[in-house]
Amino acid sequence: MQLLDGTAVSGQIKLELKNELNEWKVQGGKVPHLAAILVGNNPASEAYVGNKVKTCAELGFESTLLRFDTSISELELLAEVEKLNLDTRIDGILVQLPLPAHISEDAVINAINPDKDVDGFHPISQGRMILGQPGFLPATPYGILLMLAHYQIDITGKHCVVVGRSNIVGKPMSILLSRNANPGNATVTICHSKTTDLKAFTLQADVLIAAIGRARFITESMVKAGAIVLDVGINRVEDASKKSGFRLVGDVDFENVAPKCSFITPVPKGVGLMTICGLMRNTLNAAKLKKMN
Ligand code: GUN
């Protein structure tokens, strides 16, 4: 079993991005500037956004964090997004999800200028991805592709089983794994909460992508010997031995599944770090592709 090491891979990708930024600056290019919107104080969202802002600083990108109380109305939030759309200093916009129930996530995502959609969630970004046109790929699936590429894991002709059908991971992941590209050309099955006999599918997986958001849901008996397992889950479970009172576990029962695998990502220090790489790659691209106005 080999660990797919998010720390090592993201470290290398961040170094490449830093070097690319330096070259871009020598050519007179503008430093990328990411704007992040955080509504409320969901602890997990706070942590994700904090890491994104921190990584911007590490790479020499600029960032602006806009925080709003959960009482902000949908109209007010849409107006904030529009301000960022019109602000020529801003190259990338991300709105951390989930949003409070009274705000339509679709409406907010649809309001982002697709040229600044570095999360790749806008329908235009997702449409471009499906059609194989250049555009911003959703950060987590993109990060997984970067990880597969780093380890030169060839998934051509392999059976990839994606468990989870969210708009931000499962759905785009299934498209990207099956497209005629490298990494790609896999045969893909997408499973979800209503799948009958899930285990019958996961046991067929050469590559298993767990993105269901349920702690240690994928157990040893659901995984084929020699499988490649990519764990997208980041779940908090109580742990009295920790100062915080919790620890993070994936959607995969790592301890028991890992010995069966050829490759597996840990949680933490796996796919989560790659998501940030995907976002940073998109943000640098956004600055480079910026329309001059
Ligand atoms: N919520 C969970 N994952 C993500 C992500 O990758 N981007 C944003 N904006 N929100 C999220």
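List of remarks:
- Positions within segment 215-236 being under 24 Å from the mean Cα position of the chain (by Cα), surrounded by 14 or more Cβ atoms within 10 Å (Cβ to Cβ) and not in a strand (DSSP E or B), in sequence order: A215, R216, F217, V223, A227, V232, G233, I234
- Any hit, segment 248-268, residues being out of contact with any Gly (no Cβ under 7 Å at 6 or more places or on another chain), within 16 Å of the ligand (Cβ to nearest atom) and at pLDDT 95 or above: yes
- Those residues of segment 136-154 which are open to solvent by less than 50 Å² (accessible area, probe 1.4 Å), of a type in the set (G, A, S) and out of contact with any Cys (no Cβ under 7 Å at 6 or more places or on another chain), in sequence order: A139
- Checking the stated criteria, G29 turns out not to satisfy the condition of being surrounded by 13 or more Cβ atoms within 10 Å (Cβ to Cβ) and without any contact (Cβ under 8 Å) to a residue 60 or more places away in the chain.
- The set of residues in segment 163-178 being within 15 Å of D231 (Cα to Cα) and within 16 Å of the ligand (Cβ to nearest atom) consists of G164, R165, S166, I168, V169, G170, M173.
- Criterion: touching an Asp or Glu at 6+ places or on another chain (Cβ under 6 Å) and among the polar types (S, T, N, Q) - qualifying residue of S178, S174, S125: S125
- Verdict on F246 being free of Cβ contacts under 8 Å to residues at least 40 places away in the same chain, surrounded by fewer than 24 Cβ atoms within 10 Å (Cβ to Cβ) and on the phi < 0 side of the Ramachandran plot: yes
- Criterion (on the phi > 0 side of the Ramachandran plot, of a type in the set (G, A, S) and buried (at least 20 other Cβ atoms within 10 Å of the Cβ)) met by exactly one of G164, G170, G157, G92: G164
- Filtering segment 135-162 to residues that are closer than 16 Å to A210 by Cα and either away from the ligand (no atom under 14 Å from the Cβ) or not small (G, A, S) (or both) leaves T140, P141, Y142, I144, L145, M147, L148, H159, C160, V161, V162.
- Residues of segment 122-130 include at least one that is within 14 Å of the ligand (Cβ to nearest atom) and either closer than 30 Å to I264 by Cβ or at pLDDT below 95 (or both).
- Contacts under 7 angstrom Cβ, first residue in segment 176-202 being more than 15 Å from I144 (Cβ to Cβ), partner of a type in the set (A, V, I, L, M, F, W, C) and open to solvent by 60 Å² or more (accessible area, probe 1.4 Å), 6 or more apart: T189/F201; C191/F201; T195/F201
- None of A181, A200 is out of contact with any Lys or Arg (no Cβ under 7 Å at 6 or more places or on another chain), more than 16 Å from the ligand (Cβ to nearest atom), outside any loop (DSSP other than H, G, I, E, B) and not aromatic (F, W, Y) except A200.
- From the list D119, D115, the lone residue that is open to solvent by less than 30 Å² (accessible area, probe 1.4 Å), within 18 Å of A286 (Cα to Cα) and either in a loop (DSSP other than H, G, I, E, B) or more than 16 Å from the ligand (Cβ to nearest atom) (or both) is D119.
- Within segment 136-147, no residue that is without any contact (Cβ under 8 Å) to a residue 40 or more places away in the chain and assigned to a helix (DSSP H, G or I) sits with its Cβ atom under 9 Å from a residue that is near the ligand (Cβ under 10 Å from one of its atoms) and open to solvent by 20 Å² or more (accessible area, probe 1.4 Å) at 6+ positions apart or across chains.
The values are calculated or read from the model by the stated rules, or taken from the named source; none is laboratory data. The structure presented is a predicted model; accordingly, all values stated were derived computationally and were not measured. We place every Cβ from the backbone using ideal geometry, glycine too, and count neighbours over all the protein chains shown. The area values use the complete protein model at the heavy-atom level, side chains included, leaving out ligands, DNA and RNA. Shrake-Rupley method; radii C 1.70, N 1.55, O 1.52, S 1.80 Å.
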